[in-house]
Amino acid sequence: QVRLVESGGGLVQPGGSLRLSCAASRNILAINVMGWYRQAPGKQRELVATITRLGRTNYADSLKVRFTISRDIAKNTVYLQMNGLRSEDTAVYYCYCEESLSDYWGQGTQVTVSS
(Lines give C-alpha, C1' and ligand atoms only; values in the text may rest on other atoms or scores of the structure.)
Protein backbone atom coordinates (compact mmCIF):
# COMPACT_ATOMS: atom_id res chain seq x y z
CA GLN A 1 0.00 0.00 0.00
CA VAL A 2 1.16 3.54 -0.82
CA ARG A 3 0.47 6.44 1.53
CA LEU A 4 0.27 9.97 0.10
CA VAL A 5 0.44 13.22 2.10
CA GLU A 6 -0.33 16.58 0.46
CA SER A 7 0.77 20.01 1.66
CA GLY A 8 1.10 23.58 0.40
CA GLY A 9 -2.51 24.65 0.02
CA GLY A 10 -3.90 27.89 1.38
CA LEU A 11 -5.44 31.25 0.57
CA VAL A 12 -4.04 33.22 -2.37
CA GLN A 13 -5.16 36.33 -4.27
CA PRO A 14 -6.18 36.13 -7.94
CA GLY A 15 -3.07 36.13 -10.12
CA GLY A 16 -0.95 34.61 -7.36
CA SER A 17 0.98 31.34 -7.21
CA LEU A 18 1.17 28.24 -5.01
CA ARG A 19 3.26 25.08 -5.04
CA LEU A 20 1.63 21.89 -3.77
CA SER A 21 3.66 18.91 -2.56
CA CYS A 22 2.78 15.21 -2.37
CA ALA A 23 5.08 12.97 -0.33
CA ALA A 24 4.83 9.22 -1.02
CA SER A 25 5.71 6.44 1.42
CA ARG A 26 7.85 4.55 -1.09
CA ASN A 27 10.26 5.08 -3.97
CA ILE A 28 8.23 6.96 -6.59
CA LEU A 29 10.16 5.24 -9.39
CA ALA A 30 8.34 2.07 -8.32
CA ILE A 31 4.97 3.77 -8.93
CA ASN A 32 3.50 3.65 -12.43
CA VAL A 33 1.65 6.99 -12.41
CA MET A 34 1.35 9.90 -9.99
CA GLY A 35 -0.67 13.05 -10.35
CA TRP A 36 -3.13 15.63 -9.13
CA TYR A 37 -6.91 15.89 -9.25
CA ARG A 38 -9.17 18.59 -7.85
CA GLN A 39 -12.78 18.86 -6.70
CA ALA A 40 -14.75 22.08 -6.24
CA PRO A 41 -17.92 22.20 -4.10
CA GLY A 42 -20.86 20.63 -5.93
CA LYS A 43 -18.71 19.45 -8.84
CA GLN A 44 -17.10 16.19 -9.99
CA ARG A 45 -13.45 15.45 -9.29
CA GLU A 46 -11.37 16.34 -12.36
CA LEU A 47 -7.90 15.56 -13.67
CA VAL A 48 -5.27 18.29 -13.30
CA ALA A 49 -1.97 16.64 -14.29
CA THR A 50 -0.10 13.31 -14.21
CA ILE A 51 3.50 12.11 -14.46
CA THR A 52 4.64 8.55 -15.20
CA ARG A 53 7.63 6.74 -13.71
CA LEU A 54 9.45 7.53 -16.97
CA GLY A 55 8.81 11.25 -16.48
CA ARG A 56 6.14 11.75 -19.14
CA THR A 57 3.59 14.41 -18.22
CA ASN A 58 -0.03 15.06 -19.14
CA TYR A 59 -2.28 18.03 -18.32
CA ALA A 60 -5.88 19.09 -18.57
CA ASP A 61 -6.03 21.23 -21.72
CA SER A 62 -7.30 24.31 -19.89
CA LEU A 63 -4.52 24.21 -17.27
CA LYS A 64 -1.36 23.34 -19.21
CA VAL A 65 -0.36 26.98 -19.74
CA ARG A 66 -0.50 27.80 -16.01
CA PHE A 67 0.27 24.56 -14.10
CA THR A 68 3.44 22.43 -14.04
CA ILE A 69 3.91 18.97 -12.50
CA SER A 70 7.40 17.87 -11.44
CA ARG A 71 9.15 15.47 -9.05
CA ASP A 72 12.09 15.07 -6.67
CA ILE A 73 12.99 11.39 -6.77
CA ALA A 74 15.34 11.60 -3.76
CA LYS A 75 12.51 13.01 -1.63
CA ASN A 76 9.79 10.68 -3.01
CA THR A 77 7.80 13.84 -3.73
CA VAL A 78 5.69 15.16 -6.61
CA TYR A 79 4.94 18.88 -6.97
CA LEU A 80 2.29 20.99 -8.67
CA GLN A 81 3.32 24.57 -9.44
CA MET A 82 0.25 26.75 -10.00
CA ASN A 83 0.63 30.23 -11.51
CA GLY A 84 -1.87 32.89 -12.50
CA LEU A 85 -4.49 31.48 -10.16
CA ARG A 86 -8.15 32.34 -10.73
CA SER A 87 -11.24 32.10 -8.54
CA GLU A 88 -12.40 29.04 -10.50
CA ASP A 89 -9.24 27.20 -9.36
CA THR A 90 -10.67 27.10 -5.83
CA ALA A 91 -10.98 23.42 -4.87
CA VAL A 92 -9.60 20.60 -2.76
CA TYR A 93 -6.55 19.23 -4.56
CA TYR A 94 -5.84 15.49 -4.21
CA CYS A 95 -2.64 13.59 -4.86
CA TYR A 96 -3.10 10.30 -6.74
CA CYS A 97 -1.04 7.28 -7.68
CA GLU A 98 -1.56 3.98 -9.48
CA GLU A 99 0.55 0.94 -8.74
CA SER A 100 0.03 -2.83 -8.95
CA LEU A 101 -3.43 -2.34 -10.49
CA SER A 102 -4.62 -0.29 -7.50
CA ASP A 103 -5.43 3.42 -7.03
CA TYR A 104 -4.38 5.42 -3.97
CA TRP A 105 -5.45 8.90 -2.84
CA GLY A 106 -4.17 11.49 -0.39
CA GLN A 107 -6.45 13.33 2.03
CA GLY A 108 -6.44 16.52 -0.03
CA THR A 109 -5.30 20.10 0.53
CA GLN A 110 -7.56 23.16 0.21
CA VAL A 111 -6.72 25.90 -2.29
CA THR A 112 -8.79 29.08 -2.08
CA VAL A 113 -8.34 31.92 -4.59
CA SER A 114 -10.01 35.11 -3.39
CA SER A 115 -9.32 38.83 -3.13
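The values are calculated or read from the model by the stated rules, or taken from the named source; none is laboratory data. Because the structure is predicted, anything quoted here is derived from the model rather than measured. Cβ placement follows ideal geometry from the backbone for every residue including glycine, while neighbour counts extend to all protein chains displayed. We work out accessible area using only protein heavy atoms, side chains counted, and drop any ligands, DNA or RNA first. Shrake-Rupley method; radii C 1.70, N 1.55, O 1.52, S 1.80 Å.
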Rg and Dmax [Cα atoms of the chain; Å; Rg one decimal, Dmax integer]: 13.4, 43
Length gained when the stretch Glu46-Gln1 is fully extended (0.36 nm per residue, less Cα-Cα span): 13.9 nm
Rounded percent of accessible protein surface that carbon and sulfur make up, segment 21-95, 1.4 Å probe: 46
Computed E for Gln107/Ser17 - FRET, C-beta separation, R0 25 angstrom, nearest 0.05: 0.65
For the chain, accessible area per residue (1.4 Å probe, heavy atoms of protein chains only), Å²: 56
Listed peptides 31-42, 47-58 by packing density, highest first (mean Cβ within 10 Å): 31-42, 47-58
